[in-house]
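Each remark here refers to the structure printed beneath this line.
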Amino acid sequence: MTFALEANGITKKFPGVLANDNVQFDLQRGEIHGLLGENGAGKTTLMNILYGLYQPDAGEIFLNAQSTQITSPHDAIAQGIGMVHQHFMLVPPLTVTENIILGQESLYSSTKFLGRLAVLDRKSAAARIRELSHQYGLDIDPDATVKDLPVGAQQRVEIVKALYRDADILILDEPTAVLTPQEADDLFGIMKSMAQQGHSLIFITHKLREMFAVTDRVSVMRNGKMVGTVAPKEATSEMLAEMMVGRKVILQIDKSAAHPGGTILQVENLRVEDDRRTAMVDEVSFHVRAGEILGIAGVQGNGQRELVEALTGLRAPVAGKVSVLEHDVTHKPPRAVIEYGVAHVPEDRHKHGLVLTFPVADNLVLCTYYQSPFARGIEIDAAQVEREAEKLVNEFDIRTPSTRTLVGSLSGGNQQKVIVARELDRPVKLLIVNQPTRGLDVGSIEFIHRRIVEARERGTAVLLVSAELDEILSLADRIAVMYKGRILETLDAKAATREQLGLLMAGVVGGKHV
Amino acid sequence: MSSTTTTPTRTHYRAVILKMLDALSMPLVAILFAFALGAVIITITSGSLSAALVAYVGLIEGAFIKTRGMSESLVAAIPYVFASLAVAFGFKAGLFNVGVEGQFYIGAVTAAAVGAAFSDLPAIIHLPLVIAAAALGGAVWGAIPGFLKAKTGAHEVINTIMMNYVAYRLVEYLVSNVLRDRVSSAVQTIRVAPSAELWSMASVPDRLADPLNALFVALLIALAAFFFARTLAKTARISASLNTPRSARLFTVGIALASGVLSFLLLPPLTRALWIWTDKFDRLHIGLFLALAAAVFMYWLLNKTTIGFELRTVGANPSAAQYAGINIGRSIVLAMSVSGALAGIAGATEVLGVSTCRCLPLFFSAGYGFDSIAIALLARGDALGILPASFLFGALRNGADLMELRSGVSKHVISLIQALVLLFVAAPAIVRYLTRQKVKPAEVAEAPLTRGWGR
C-alpha cells in the first residue's frame, strides 16, 4: 500500500503553546481520511503545515514516499496539494472560469494586429472546467458569475479550482458547515467519486455523523497530539467523542417535558429588509411561550440573521409588529429591548458579541456597565465589576488566566461562555440564541446546551436559531423551518424527523418546491 | 488599556510595571532608530560624520541645557499635550480627528475675543471663563464633523480637513476686521486683560499677593486633592482602614479642605520667600499644570467612567457597541466635541500664556495640530503616555534652532526625525523585524493569513 502523504513526528511550537506534538499522520491513495478534534487541538496547524503556511519545527513530510518540504501554499499546489477553505476564496463579480484561472492565466498572443499584446485564453480553460465538472459530477457552469451561485455551487467551484491545478490531495476544511443536509449528501457523493478516481482527501469536520457517512478512516487529535486512527466501521459516536474530549461526553441532552406558560414573544407579519433593501424576512408570524424552546431551522442566509436583528432592535423592520410581554418593541432601540428582559447570544460572536480587545471582565458587563452596582453616577466601580467577573468566571467555568485577560486571546468555546454568562446573568424573560455552538468543541457545546435547557426550565422563553439540525432536534420543543424569509411550517419536535426537516430546509413542501 | 483594576497585590504591581515597560519599549526603540537614521542622513547630506554629532549635541544643548532651554521645551510641550490628547481621544472612539489644527485656531480666536472682552473681572472668574469659551469654540468646531458622521456617515477625516480651511479663513477675517487692535501697527487682536492671562511662572508670587488669586489657586488645589484622596481611598490598604463609606467620605473631604486651607494660608508667603522661577524672561506658564490635569482627566474619563466605556466600545467594535445598546451617533458627536474642546484649549494656552502680545496675531503659525497626530501615535493614544511624547516633540522643536546654528544642519532635519519616529511607530512590523521581538501567539492566531468571503 502506498501512502499519498505521510507526516512523521510533526512538531510545531508557538510561544507558550505546543500546537503539534510529534504528530503522525498518513493518507492512503484514494482514501477519504477524516480529521476530528476540538478547537485548538492542532488540526488547523497540521493542515497549515501540509499546505505550506507554516514550517514545522521538527518532523518530515513524505509525498508518494519521497521526502519533501512544502514552503508555501504556492509550493503546495505545485506539489499537488489543494485546499478548500471554510471561507471561500473567490472573487464574487468574476465568472467561474475567471476565478479558477486567477493566478494561472494562460495567454495566447495575437500577432496579426496587436503585435505582442497577450489575450486571456478563457475558451480552453472553460472547456477544461466543463470536462472536470462532468468527470466528477460537479455540475458547474464555467460562464456563470460567482456571486449569482448558491453556496453549495460556490463550494464546488473551490473544488474545481483545486482539481484544475491538478491537486492530487485535497484538504476540505469544515465543508459542510454551510450546506443543507441534502447538499452535504451531494458533496459526499462528489467526494466518493473523487476518491474512486484516485484522489486522496482529508476531510475536517466536527460533526460525528458525517465521519460515519463518508470516511474510510478517522484520525482524532487532542491537545496537539494524535490520539489515534480508527475505521468508522469499528467505532461509535460515543467512542469518537471520548477520544476527542478525553472523557465521557453526553451527546444527548436530558430534558423534561415542556410546561409552556404565557406568551412572551409575539411576532406578527414581520417584514425585514437587508442593507441592499432585499426582503429577507417576509410576513413572518410566530410566538414563543415561557418555558419552551422554539427552534428556527434553516440553511444559513434564509433570513434568520435579519429576523434576529429585527427582534433585538438592531435592524428596523419595514412592517409588522414585535411584542415582548405585551410591550410593543417593534421600533425600540437595542437598549430598550434589553431592558424589557431580552437576552441575545448573537450569531457572530466576534462582530457583535464581544469586544475582543477588552478584558474578560469588561465583556461580562458589556450590557449592564451603566447600571447599579457597576456604575455610580458616571463612574464605573471597578471592584464591583471585578466581583461580578469572578463570580461568572467560576459559575460558567470560563477558562481564562485572569479576568483582565483580553477576551480575544481565549478559545472560541470560552469566548462563547463569556457571552452566555453575560446574557444569562440578567433577569431574562426571553433568550434569543443564534448559532450558539458554531465552531465550538464538543465539551463547550454540551455545556452551552445544558445552560439553554436550564434557562427553559426556569421559565425563560427561548428562541433558538441554528443551522445545525442535530442541535435543533435535541433542544427545541417546537421547530419552525425558515426558507427564503418565510416560515414554511412549524412542527412539534417530537414528531419531526431529520428527513422531513431537511426537505423543508430545501424549500420542499408536500413534495413540491416552493 | 484597562478600565478597571483588580485588588492590588505585589504580583499585580509587578505585572503593571512589566506591562508599562513593554508598552514603553516600542516607542523608545522607534525614537532610537529615528535618531540613528537621522544621523546617517545628516552624515550623507553634509559629508561628515562629525556634523551629525555636532548637530545632536547642539540639539540637546538647545533643548535642555542652555539658559531657559528646559523651560522653552516645556512651553512648546504644553499645546502639544492638549492637541495630542485631542487626537488620542478621537482614536479611542475610532475617529481620526485631522481637524485639531482648525479647532486650535478657533480656540485661540475665542480665547483672544473673550479675554479682551472683559477688563475688570477677577482672574478667578475670567480665566476659567476664557478657557471654557475656547473649549466650547473648539468643541463646536469638532462637533460639526462629528454630527455629519453620525447623521449621514460622512467621513470625519474629509470633513475635519475641510473645517480646517474654514477655520483658517474665518480666523483671518476675525483678526483683521472684527477683533483687530486698531492702535497697533501689526495686524493682531486686542490684548487680553491681565486677568485672562495664563500666569508666567515668574509672576506667580506677585499674582498670589492678591487674596482673590490665592483663593483661586487654593480652590484648584483643594479640588485636585479631593480627587487624589478619593482615588487613594479606593486602594486596598487605605480602604481597609476606612471601613464605612462615611469615614471614606470624611477622609476625602478632610484632605481636600485641609490642603485648600493650607495652600490659601501658606502659598503666598512661601512663594514669595522661595520660588525657583525668578527669571522674568522665562516664558514657562501655569498652563503646564493645566496640561498635566488634562491628561489625568482624560485618563479618568476614558478608563473609569461609563462615558469612556461607551466611547472605547464604539472605537473598538461599533457592532458590539450597537448590540450592547450604546448610542453610537451620540458617542461620535461627544467624542468629537471633547476632542475639539481639548484642541481649543491648546489654542487658548498659546494666546493667553505664550504670545508676546498676549493676543492673536494674524501670522500665527502653529502647526501644533498636525504634529500632535504624530505625538498621539507615538504615545499609542495613551493619555499618560502623551506627556513624555509631547515633551520629546517640544524639546525637538525648541532645540532645532541651536542645532542649526552650531552645525549648519537645517532645522528641518527635526521634521525629518519626527517623521522617522512616526514611521517606526506606525510600522511596528519593521521595528519587530529589526529587533527580532517575538510576536505574541495571540497575534499569530489573529493575523489574517487568508481572507475569504462567502457563508
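Just a few scattered comments:
- Selection of region B:213-259 for residues being of a type outside the set (Gly, Ala, Ser), farther than 15 Å from A:Ala383 by Cβ and under 24 Å from the mean Cα position of the chain (by Cα) yields B:Phe216, B:Val217, B:Leu219, B:Leu220, B:Ile221, B:Leu223, B:Phe226, B:Phe227, B:Phe228.
- Whichever residue in region A:13-46 is at pLDDT below 90 and aliphatic (A, V, I, L, M) and, among such residues, is nearest to A:Asp173 (Cα to Cα): A:Leu36
Each row is one residue, and each column tells you yes or no for (1) out of contact with any helix residue (DSSP H, G or I) (no Cβ under 7 Å at 6 or more places or on another chain); (2) without any contact (Cβ under 8 Å) to a residue 40 or more places away in the chain.
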{"position": "A:His449", "(1), (2)": "no, no"}
{"position": "A:Val453", "(1), (2)": "no, no"}
{"position": "A:Arg456", "(1), (2)": "yes, no"}
{"position": "A:Thr460", "(1), (2)": "yes, no"}
{"position": "A:Lys484", "(1), (2)": "yes, no"}
{"position": "A:Ile487", "(1), (2)": "yes, no"}
{"position": "A:Leu491", "(1), (2)": "yes, yes"}
{"position": "A:Thr497", "(1), (2)": "yes, yes"}
{"position": "A:Val514", "(1), (2)": "yes, yes"}
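- Residue match in region A:241-263 (condition: closer than 28 Å to A:Gly42 by Cβ and of a type in the set (Ser, Thr, Tyr)): no
- Residues within region B:227-266 that are touching a helix residue (DSSP H, G or I) at 6+ places or on another chain (Cβ under 6 Å), assigned to a helix (DSSP H, G or I) and not small (Gly, Ala, Ser), tallied: 7
- Selected residue (criterion: farthest from B:Val87 (Cα to Cα)) from residues of region B:309-321 that are within 9 Å of chain A (Cβ to nearest Cβ) and surrounded by fewer than 23 Cβ atoms within 10 Å (Cβ to Cβ): B:Ser319
- Residues located in region A:396-444, provided they are buried (at least 22 other Cβ atoms within 10 Å of the Cβ) and free of Cβ contacts under 8 Å to residues at least 24 places away in the same chain: none
- The single condition among (1) touching a Lys or Arg at 6+ places or on another chain (Cβ under 8 Å); (2) within 30 Å of B:Glu310 (Cβ to Cβ); (3) at pLDDT 90 or above; (4) assigned to a helix (DSSP H, G or I) that B:Pro27 does not satisfy is (3).
- Filter pass, B:Gly325 being crowded, with 24+ Cβ neighbours inside 10 Å and either outside any helix (DSSP H, G or I) or at pLDDT 95 or above (or both): no
A quick yes/no check of all residues on (1) free of Cβ contacts under 8 Å to residues at least 24 places away in the same chain; (2) in a helix (DSSP H, G or I); (3) not polar (S, T, N, Q):
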| position | (1), (2), (3) |
| --- | --- |
| B:Leu127 | no, yes, yes |
| B:Ala134 | no, yes, yes |
| B:Gly137 | no, yes, yes |
| B:Phe147 | no, yes, yes |
| B:Leu170 | no, yes, yes |
| B:Tyr173 | yes, yes, yes |
| B:Ser185 | yes, no, no |
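- Among the residues making up region A:393-409, those that are more than 10 Å from every other protein chain (Cβ to nearest Cβ) and either closer than 25 Å to A:Ala455 by Cα or part of a strand (DSSP E or B) (or both) are A:Val393, A:Asn394, A:Glu395, A:Phe396, A:Asp397, A:Ile398, A:Arg399, A:Thr400, A:Val407.
- Residue within region A:244-253 that is assigned to a helix (DSSP H, G or I) and closer than 30 Å to A:Lys13 by Cβ present: yes
- Some residue of region B:334-353 being under 11 Å from the mean Cα position of the chain (by Cα), away from chain A (no Cβ under 14 Å), in contact (Cβ under 8 Å) with a residue 60 or more places away in the chain and more than 20 Å from B:Leu74 (Cα to Cα): yes
- Residue list for region A:448-500, filter: surrounded by 21 or more Cβ atoms within 10 Å (Cβ to Cβ), aliphatic (A, V, I, L, M) and assigned to a loop (DSSP other than H, G, I, E, B): A:Ala467, A:Ala476, A:Ala496
- Yes/no for A:Asp121 being touching a Ser or Thr at 6+ places or on another chain (Cβ under 9 Å), in contact (Cβ under 8 Å) with a residue 24 or more places away in the chain and not aromatic (Phe, Trp, Tyr): no
- For region A:332-352, a residue qualifies if it is crowded, with 19+ Cβ neighbours inside 10 Å and facing chain B (nearest Cβ under 9 Å), and the qualifying residues are A:Pro334, A:Val337, A:Ile338, A:His344, A:Pro346, A:His352.
Residue-wise test of (1) of a type in the set (Gly, Ala, Ser); (2) not in a helix (DSSP H, G or I).
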position	(1), (2)
B:Val314	no, no
B:Gly329	yes, no
B:Leu334	no, no
B:Ser339	yes, no
B:Gly344	yes, no
B:Ala348	yes, no
B:Arg358	no, yes
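- Scanning region A:410-434 for residues that are within 11 Å of chain B (Cβ to nearest Cβ) and either touching a Lys or Arg at 6+ places or on another chain (Cβ under 9 Å) or at positive phi (or both) turns up A:Leu410, A:Ser411, A:Gly412, A:Ile419.
- In region A:1-24, the qualifying residues are those that are surrounded by 24 or more Cβ atoms within 10 Å (Cβ to Cβ) and under 25 Å from the mean Cα position of the chain (by Cα), and the one that is farthest from the other protein chains (Cβ to nearest Cβ) is A:Asn20.
- Cβ-Cβ under 8 Å pairs, at least 6 apart or on other chains, region A:305-322 side within 14 Å of chain B (Cβ to nearest Cβ), far side of a type in the set (Ser, Thr, Tyr): A:Thr312/B:Tyr323; A:Leu314/B:Tyr323
- Put simply, of A:Val329, A:Val355 the only residue that is crowded, with 17+ Cβ neighbours inside 10 Å and within 9 Å of chain B (Cβ to nearest Cβ) is A:Val355.
- Entirely in region A:100-213, the strands (runs of 3 or more DSSP E) that have 2 or more residues that are in contact with a His (Cβ under 9 Å, 6 or more places away or on another chain) and at pLDDT 90 or above: A:169-173, A:200-204
- When residues of region A:369-392 are limited to those that are crowded, with 16+ Cβ neighbours inside 10 Å and within 12 Å of A:Ala421 (Cβ to Cβ), the one nearest to the other protein chains (Cβ to nearest Cβ): A:Ala389
The values are calculated or read from the model by the stated rules, or taken from the named source; none is laboratory data. Fair warning: this is a prediction, and the values are worked out from it, not measured in the lab. So basically every Cβ, Gly included, is an ideal-geometry build from the backbone, and we count neighbours across all protein chains shown.
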